[in-house]
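Working notes, structure below.
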There are 4 protein chains.
Amino acid sequence: MKKTKVNGCSLMQYLKDDVKNSILQAALSEFKRHGYSNASMRQIANSAGITTGNIYRYFKNKEDLFHELIHPVYEKFVQYMIEIKDDLDDNCAIDTNNPLDYLRKVESTIVELFKESNVELRILLNLSNGSSYEPVKQELIQLAALILEQVFIPGGDQQDKAMIEKYNLAHMLAGTLIEGACIILRDHEDGETVRQLVDELMRVYCAGIISRLKI
Amino acid sequence: MKKTKVNGCSLMQYLKDDVKNSILQAALSEFKRHGYSNASMRQIANSAGITTGNIYRYFKNKEDLFHELIHPVYEKFVQYMIEIKDDLDDNCAIDTNNPLDYLRKVESTIVELFKESNVELRILLNLSNGSSYEPVKQELIQLAALILEQVFIPGGDQQDKAMIEKYNLAHMLAGTLIEGACIILRDHEDGETVRQLVDELMRVYCAGIISRLKI
Amino acid sequence: MKKTKVNGCSLMQYLKDDVKNSILQAALSEFKRHGYSNASMRQIANSAGITTGNIYRYFKNKEDLFHELIHPVYEKFVQYMIEIKDDLDDNCAIDTNNPLDYLRKVESTIVELFKESNVELRILLNLSNGSSYEPVKQELIQLAALILEQVFIPGGDQQDKAMIEKYNLAHMLAGTLIEGACIILRDHEDGETVRQLVDELMRVYCAGIISRLKI
Amino acid sequence: MKKTKVNGCSLMQYLKDDVKNSILQAALSEFKRHGYSNASMRQIANSAGITTGNIYRYFKNKEDLFHELIHPVYEKFVQYMIEIKDDLDDNCAIDTNNPLDYLRKVESTIVELFKESNVELRILLNLSNGSSYEPVKQELIQLAALILEQVFIPGGDQQDKAMIEKYNLAHMLAGTLIEGACIILRDHEDGETVRQLVDELMRVYCAGIISRLKI
DNA sequence: CATGAATGAGGCTTCATTCAT
DNA sequence: GATGAATGAAGCCTCATTCAT
């Protein structure tokens, strides 16, 4: 890996990117297999075909490597959820007769992300123990719950007790939805199967929720 | 070889139990926070207010400590699930028009266990990685999936592709159901709220599943 | 184990001796099985039917317990060897035509000790690693070598080189003799077999030595 | 993955070998002093002038370090012993009038090994307790005993009791012979002296054994 | 006297991280 | 830029010894 400059354009950059990418790829595989805290930097270096110490020229430390791998997906995920929520805020209320329509919009964003970044999401949601992303899952569930709250408590004009119950319900369903997604991601790698099962999961939830709302 | 005094007041006894309990309590907290394999015996000892070596007077090793904490709940849980399944086998088929009736029976057994052993169940199901209980969650989901398969594939007389899809669906829903229960347990300690939310969760699932079956 | 005094004669003494003896007996077995440094005080206490801490009322520490067990045999052994040597000094020279006669005297002392204190001797010679008796084996070999030197270098009136060679020979044979005894002790517990094999060992050595002296 | 420079002078190589050798040397000394199971990795590291963890860059674990130290000698030793035995089997019977001739052949092989690998052999034979080499000494003594049995029980046509006695005698003498060799090795480093003493040892044994056979 | 719970130092081993080369 | 040897703290666990009871 020799330094060569051609026309003032450093080829190094390309080489460095190569190395960095192979580290990231090796890290992805290692984190997926063993989780954050049980992943071995040495193993990552071996898989990437470089030496242990060299990782630290590209990443400050294990946490930084994890961050660089997971952060983009995390940001996208949060952004999508916020967009969904904002969308919902603008439309003020969901069409409770057909929430499936609404949720189907979710597919075009989140499910895409699921299909694209399957592994990163699994790591983020289920294998980030010991890292600074450990509490993220809860945050995402909070966010999902905010969305569902709008379904159950459209006006917020209810009595306290009923409201708390619906608040709890929204949180619980948000959690199960996200866990459901995690399970799908864990058990299936094929994009189409993932899409299909997410579709089913949402269908079941929507039907259930609609039925629930009619009470 | 416990010191027991005639008048029923043995100080030693209390002290030893105290220590054992504080270890168990500290371990519960540590396992809950970091999972089995990332839990630190040193940290458990510190939390319990004793030295590391002293833990080993009460438990043979880390696995044994985990076992003593988790095993009772595990046994009860498996037993309940088997009873439920046997019950279903005897009745041959579920009343698809009213599966809620059936599922409501589940409440009287499993939900009780959930209410009693909140944290232990969460550890068993989500944080036992690296221990001998690691495969338990999958086994339980298999068991739950078997039950759901009876709902979706009553005769088993379907084309292969459709069957695989329904098989996947059963597994996914089984997983989300169990995760849903875990989430409820994590977020709520009040028995009545837990019961109510499990009820809701089942209602949603049943409604969703019924709606799904009509397709 | 209650303190009872009868006619001013403390029964305690007897009881204490009982305990002390059971410790010694248990220790003998443990040291024999695992050697000094791998022996476990806890195991000794268990075998003796008492508690760990109680050992320390009878023996200052592990080394002291070992000492009290091994020292008598050690002293006797050394004493016998010195007696043998003194005997040899007095008689000025061994009857080289019949050294077996002389060595047979050894039987009546040392072999008796071997037969009586089989286990202690094995521990002293082969299993004292880590204790203060570790170098004893070499000392005993030195002593035995002194005796053999008198056989090979009766007058000490030899040329330097030949003398050094005979000195080495004496040491080597002393060492092998003692090791031979250890091996016999390790492999046989039956007193008669031990006596017989020691006899054979000496016969072989004497024949060999006599033959050697004729050169 | 060793750095090697074209001009044959790689500083790294030297350094690494230096460290590995100093570990091996420190380990040799520690094992010799305390035996396998009581040897301390920390002490070995200290003696080698490195940190404890660094040993594990060179050796997988304690057993591996021991193995790398002892295995070569073990293999050679076993091979020689088998060759000797095969040789004896081919010649069907030993010339009992002159077994010294036969044993002298042994010198040209085993004694060489003894002279080369003094300490390693002593560790292998006397200080391997707790390692996978623990049973080796007994195996070697068995092998040596087999050879001696051919001397004492040529036809195997004896009465039971006499045979058992001779069997015991063969084992005892085999053990003492091997121990004798160990002792010589421990006390002398000079090759010529070792050769001479082994010669003496064998002479004594042969004379003794011949004399014994005449009974 | 006896108990046995507790300590503390040490056992082997792993691993993220640093640094001289 | 890259190397990989070295560090040091932490992992689980054992055990002789002490001490409050």
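Take each residue in A:174-184, count the other chain C-beta atoms within 10 Å of its C-beta, and the mean is 6.
Residue exposure proxy: A:R33, A:R186, ordered by other Cβ atoms within 10 angstrom of their Cβ from fewest to most, comes out as A:R33, A:R186.
Backbone phi angles across segment A:189-202, fed through the Karplus curve with coefficients 6.51, -1.76 and 1.60 (θ = phi - 60°), yield HN-Hα couplings of 9, 5, x, 5, 4, 4, 4, 4, 5, 4, 4, 4, 4, 5 Hz in residue order; Gly and Pro are listed as x. Straight-line reach from B:K115: which aspartates and glutamates have a Cα under 17 Å away, not including same-chain ones fewer than 8 places off? Result set, ordered by chain and number: B:E75, B:E107, B:E179, B:D187, B:E189, B:D190, B:E192, B:D199, B:E200. In terms of the Cα gyration tensor, with a ≥ b ≥ c the square roots of its eigenvalues, is segment D:156-215 rounded because a/c is under 1.5, prolate because a/b exceeds b/c, or oblate? Since a/c reaches 1.5 and a/b is larger than b/c, the shape of segment D:156-215 is classed as prolate. Each other copy places its own label point for D:K16 at 2.9, 5.5, 6.5 nm from this one, sorted shortest first, where the point lies 7 Å along the Cα-to-beta carbon line. Report, in listed order, any pair from A:K32/B:K32; C:K32/D:K32; C:K85/D:K85; C:K20/D:K32 with a Cα-Cα distance greater than 32 Å. Those over the limit are C:K85/D:K85; C:K20/D:K32. Comment: the Cα-to-Cβ extended label point of C:E192, at 7 Å, lies 5.2, 8.9, 8.9 nm from its counterparts in the other copies, nearest first. Per residue of C:33-43, other chain Cβ atoms within 10 Å of the residue Cβ number 2 on average. Going by neighbour counts of Cβ atoms within 10 Å, the residues C:E75, D:E30 line up, fewest first, as C:E75, D:E30. Converting phi to 3J(HN,Hα) with the Karplus coefficients 6.51, -1.76 and 1.60 and the offset θ = phi - 60°, segment B:58-73 yields 9, 9, 4, 6, 4, 4, 5, 4, 4, 4, 4, 7, 9, 4, x, 5 Hz in sequence order, with x at every glycine or proline. The ranking of B:T51, A:T109 by Cβ neighbour count inside 10 Å, starting from the fewest, reads B:T51, A:T109.
Sequentially through segment C:115-130, phi angles give Karplus couplings (6.51, -1.76, 1.60; θ = phi - 60°) of 5, 5, 10, 2, 5, 4, 5, 4, 4, 4, 8, 10, 10, 9, 3, x Hz, Gly and Pro residues having no value and appearing as x.
Position D:E116: other-copy label points at 4.9, 6.6, 7.0 nm, ordered by increasing distance, label point 7 Å along Cα→C-beta.
All of the numbers you see were taken from the coordinates with simple rules; none came from a lab. The model shown is predicted, which means the values in this text are computed figures rather than measured ones. For neighbour counting, all protein chains shown are included, and Cβ atoms are generated from backbone atoms with ideal geometry for every residue, glycine included.
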